[in-house]
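So the structure is just underneath, and the comments pick up after that.
The values are calculated or read from the model by the stated rules, or taken from the named source; none is laboratory data. Because the structure is predicted, anything quoted here is derived from the model rather than measured. Cβ atoms come from the backbone with ideal geometry, glycine included; neighbour counts cover every protein chain shown. When the accessible area is computed, the model is the full protein with side chains, heavy atoms only, and any ligands, DNA or RNA have been set aside. Shrake-Rupley method; radii C 1.70, N 1.55, O 1.52, S 1.80 Å.
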Amino acid sequence: MGDLNARHPWWQGLLAQTLRTSQASYVIANWLEDNNFHLQNQPGIPTHHPRNGGQPSTIDLCLSRGSITQSILTLSIDHETTSDHSALIISLCLPSTIARTLPRRYWRKADWGKFDDRIKSAGMDLSHLQGTNDTLRAITNITKLIQQAIDEAVPLKRSRQMEAPWWNHSLTLARQSAKRADRRAHLQPSDANREDSQYKRHKWSIMVRNAKTAYRIHQLKASSTRTVWKTIRHHNTLHKPIPPLDEQSDFLGKCDALRTALFPETDTEHWTPLPPNLLTSRKDLHHQRRDVTANETQLAILHLKYGTSAGPDSITYDTLQCFNDAAPHLLPHLFTACLRYAAHPPEWKIANCIVIPKSGKKSYSDPKSYRPISLLSCFGKLLESIVAKRLSQTAQMCRATHPSQMGALPENSAIDALLLAITPIASSISRKKTSNQNPTRPAVLALDIKGAFNQVHPLTLLEVMR
């Protein structure tokens with residue numbers, strides 16, 4: 001589809017008798033015919049109405065080639081626009097390649113009392129789980145129970161057409177007035193109608209600009225010191241479609257390109273064994289395989305990052321907290337069985353992956369110009385947080401961590417890391433210059449391992465843990 005700006009009898013139809021055709025249009029028409037293009041416009045229907053009183057013409061065309069031609073259902077022309085070009089509206093019948101999105105819920109109107117009653121009425125008992133299959137079956141049953149309770153307690157959001165927050169009724173009236181003036185200028189070309197159309201269109205553009213400005217000023221005045229940067233970032237966000245990646249333009253092709261570049265496969269068959277002197281100390285940690293307690297589960301739930309998006313099962317951290325309040329004995333028994341029988345269901349390994357473009361890239365046709373965010377099941381991440389805390393405590397007990405390590409250790413933060421780096425630098429800079437020698441100046445060497453988590457070999461990690 002496009003504005004070819006060329007007049008030819010192929011698409012002008014009867015209008016070609018009153019309009020002058022151009023020599024370039026024959027070159028375009030011959031090239032389109034040689035490459036098996038099909039014209040979808042109805043010849044003779046004008047798509048351009050000059051505001052200077054000129055003769056209407058057909059220069060906005062829709063052409064197709066190949067299998068897509070069979071998928072075109074209808075093509076209509078909308079003359080009621082604020083431009084001198086009519087809008088071409090095409091309907092296609094294409095196979096769906098995007099998974100069906102789950103309905104959005106109105107969590108602010110959730111009836112958590114009804115949720116608790118549904119959980120308690122189930123009367124589940126997980127204190128006698130035996131084996132991996134029994135544990136996996138219990139996880140499936142609890143997931144279904146939580147989802148059923150959500151269906152009863154949390155209402156669905158009504159689907160409505162999204163509208164710009166700065167739009168108002170005055171803009172609607174101004175746009176309708178501009179369209180009526182344009183229609184009059186098209187049907188009754190005259191100097192007065194053309195001037196009236198240009199004036200109303202210009203007035204509508206100014207009203208839109210002023211409405212956007214007033215809305216942004218109101219948002220900034222109503223924002224606090226915590227939300228001002230979020231407000232600015234919201235207005236500066238541009239939602240652009242992802243361009244073709246590795247010459248793949250369809251949805252599934254882009255997914256394959258991103259999956260190959262961002263999640264490379266690990267060779268699990270060939271791996272290098274550990275050096276003989278890598279582990280200097282060993283310690284028996286079998287006594288650390290204790291049951292998960294209710295207090296341990298409650299502490300893990302309190303330290304979760306609330307407000308994050310849910311995974312494929314649509315169970316949020318808030319839902320897990322309400323579930324644990326309604327039945328505090330279920331999660332400890334379930335997590336204990338998961339650790340005892342090494343049960344980790346496949347649904348906890350499936351994630352909704354969202355790619356975000358990295359800033360400052362020259363080209364976004366490279367899959368590595370995007371950053372993936374994987375939304376795993378919050379149910380599985382709760383168990384992972386309990387295991388991670390146990391691993392951190394065990395590593396400190398075995399002295400397996402470096403004294404300067406900041407990540408994954410309690411009571412350490414980004415401020416501690418900055419102080420650890422700035423203190424020796426400031427001490428060296430503040431040292432006075434003596435007559436005998438100049439003080440050494442600090443230097444910082446920063447290293448970044450590309451794809452560190454993706455490069456960790458699972459067999460090597462298991463060997464270190466053993």
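Annotations
- From the list 460, 423, the one residue that fits, being touching a residue at least 12 places away in the same chain (Cβ under 8 Å) and assigned to a helix (DSSP H, G or I), is 460.
- Residues within region 230-258 that are among the polar types (S, T, N, Q) and at pLDDT below 80, tallied: 3
- Screening residue 310 on (1) part of a loop (DSSP other than H, G, I, E, B); (2) surrounded by fewer than 18 Cβ atoms within 10 Å (Cβ to Cβ) shows it passes everything except condition (2).
- Identity of the residue in region 345-366, touching a strand residue (DSSP E or B) at 6+ places or on another chain (Cβ under 8 Å) and either part of a strand (DSSP E or B) or of a type in the set (A, V, I, L, M) (or both), that ends up nearest to residue 131 (Cα to Cα): 351
- So residue 323, is it under 22 Å from residue 152 (Cβ atoms), touching an Asp or Glu at 6+ places or on another chain (Cβ under 8 Å) and at pLDDT 90 or above: no
- Looking across 150, 142, one residue alone is touching a Lys or Arg at 6+ places or on another chain (Cβ under 8 Å) and either assigned to a helix (DSSP H, G or I) or over 30 Å from residue 49 (Cβ atoms) (or both). It is 150.
- Among the residues making up region 65-86, those that are of a type outside the set (Ser, Thr, Tyr) and assigned to a helix (DSSP H, G or I) are 66, 68, 70.
- Top-ranked residue of region 259-293 - restricted to ones that are loosely packed, with under 12 Cβ neighbours inside 10 Å and under 30 Å from the mean Cα position of the chain (by Cα), ranked as modelled with the lowest pLDDT: 267
- Filtered residue count, region 326-336, keeping only those that are under 24 Å from residue 115 (Cβ atoms) and not in a loop (DSSP other than H, G, I, E, B): 7
- Enumeration of residues in region 1-29 that are modelled with pLDDT of 75 or more, of a type outside the set (Gly, Ala, Ser), over 28 Å from residue 184 (Cβ atoms) and surrounded by 12 or more Cβ atoms within 10 Å (Cβ to Cβ): 8, 9, 10, 26, 27, 28
- When 416, 448 are checked against the criterion of being among the charged types (D, E, K, R) and in a helix (DSSP H, G or I), 416 stands alone in meeting it.
- Criterion: more than 15 Å from residue 139 (Cβ to Cβ), free of Cβ contacts under 8 Å to residues at least 60 places away in the same chain and not in a loop (DSSP other than H, G, I, E, B) - qualifying residue of 395, 300: 395
- When residues of region 294-307 are limited to those that are more than 18 Å from residue 396 (Cβ to Cβ) and surrounded by fewer than 13 Cβ atoms within 10 Å (Cβ to Cβ), the one modelled with the highest pLDDT: 295
- Residue match in region 175-188 (condition: within 30 Å of residue 52 (Cβ to Cβ), open to solvent by 90 Å² or more (accessible area, probe 1.4 Å) and part of a loop (DSSP other than H, G, I, E, B)): yes
- Answer residue from region 189-218, given it is open to solvent by 60 Å² or more (accessible area, probe 1.4 Å) and either basic (Lys, Arg) or not in a helix (DSSP H, G or I) (or both) and is nearest to residue 55 (Cα to Cα) among those: 189
- Residue 388 more than 24 Å from the chain's Cα centre (by Cα), surrounded by fewer than 20 Cβ atoms within 10 Å (Cβ to Cβ) and on the phi > 0 side of the Ramachandran plot: no
- Taking the conditions (1) open to solvent by less than 50 Å² (accessible area, probe 1.4 Å); (2) aromatic (Phe, Trp, Tyr); (3) out of contact with any helix residue (DSSP H, G or I) (no Cβ under 8 Å at 6 or more places or on another chain) in turn, residue 348 satisfies each one other than (3).
- Count - residues of region 30-75 that are within 19 Å of residue 94 (Cβ to Cβ) and loosely packed, with under 12 Cβ neighbours inside 10 Å: 7
- Scanning region 413-427 for residues that are open to solvent by 60 Å² or more (accessible area, probe 1.4 Å) and within 32 Å of the chain's Cα centre (by Cα) yields 414, 415, 418.
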